[in-house]
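Student: Got a structure for you, questions after.
The values are calculated or read from the model by the stated rules, or taken from the named source; none is laboratory data. Bear in mind the structure is a predicted one, so any value in this text is a computation, not a measurement. Methodologically, a virtual Cβ is constructed for each residue, glycine included, from the backbone with ideal geometry; neighbour enumeration extends over all protein chains shown. Surface areas here come from the heavy atoms of the whole protein model, side chains and all, with no ligands, DNA or RNA. Shrake-Rupley method; radii C 1.70, N 1.55, O 1.52, S 1.80 Å.
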Amino acid sequence: MFLAFILGIVNAMLINNVTLSRFYGICPFLGVSKKPTSALGMGVAVIFVIVLSAAVTWPIYNYILVPANIAFMDTLVYILVIASLVQLVEMFIKKFSPALYNALGVYLPLITTNCAVLGVAQENTNNAYDFLTSMGNALGTSIGFALVIFVFSTIRIKLDAMDIPKAFKGIPIALVVAASMAIAFMGIQGMISQ
């Protein structure tokens, strides 16, 4: 059971990385990845929101929505839970790290609409994961998001210092790098399945 939990985390984190394989969370991935400190702050905030939302939405779905025969309301309930958690994170960061709060700017409230957060909650219920598997999926997905956004931010620092043709400066070269990262992460899947 523990091995399956660890493999689920590794799978969600590296092999089926939510940002590089499904393009969930691409807005903060591109928007907040200009500085490693901002990327790390966003990554930690997303870890907190995804894990906590998975821990809250799983029992709501299984013990309230399904028994009440209103499972079709899951997306609406998930969005309300996620929005509430993001507000808590925003208040916490504003109080304890004003510099990070200012650095994240508009992207912090956008965690509410981050497809990765909602995607994990939906994936957990769509695949009928038990609570432990749901938490492993949430932890792996969120750590994978944080890892990728941080690595991407360090690469973007190097790119800004390079002499890149004008047509590729900014977002175009960032997308080329993101595509290269996606290929590299997909290579991990090929190594494991061989």
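Student: Can you say whether A121 is small (G, A, S) and within 18 Å of G31 (Cβ to Cβ), as far as the supplied structure shows? Write out each step before concluding.
Tutor: Details: small (G, A, S): yes; within 18 Å of G31 (Cβ to Cβ): no.
For A121, the condition - small (G, A, S) and within 18 Å of G31 (Cβ to Cβ) - is not met.
Student: Something else: Quick test for you: out of F29, F5, F92, F23, pick the one residue that is out of contact with any Gly (no Cβ under 9 Å at 6 or more places or on another chain) and farther than 21 Å from V177 by Cα.
Tutor: Going through F29, F5, F92, F23 in turn, the sole match is F92.
Student: May I pose another question? Quick one: is A39 over 19 Å from S134 (Cα atoms), modelled with pLDDT of 85 or more and not hydroxyl-bearing (S, T, Y)?
Tutor: yes
Student: Could you tell me which residue of region 1-45 is most open to solvent (accessible area, probe 1.4 Å), considering only residues that are within 26 Å of I173 (Cβ to Cβ), of a type in the set (S, T, N, Q) and part of a helix (DSSP H, G or I)?
Tutor: Ranking the qualifying residues of region 1-45, first place goes to T37.
Student: Looking at region 46-152, what helices (runs of 4 or more DSSP H) fall wholly within it and have at least 3 residues that are surrounded by 23 or more Cβ atoms within 10 Å (Cβ to Cβ) and either modelled with pLDDT of 95 or more or of a type outside the set (D, E, K, R) (or both)?
Tutor: Passing ranges, in order: 74-96, 115-126.
Student: Follow-up question, since we're still on this one. Can you find a residue in region 172-190 that is surrounded by fewer than 16 Cβ atoms within 10 Å (Cβ to Cβ), touching a helix residue (DSSP H, G or I) at 6+ places or on another chain (Cβ under 7 Å), of a type in the set (F, W, Y) and in contact (Cβ under 8 Å) with a residue 40 or more places away in the chain?
Tutor: No: zero hits.
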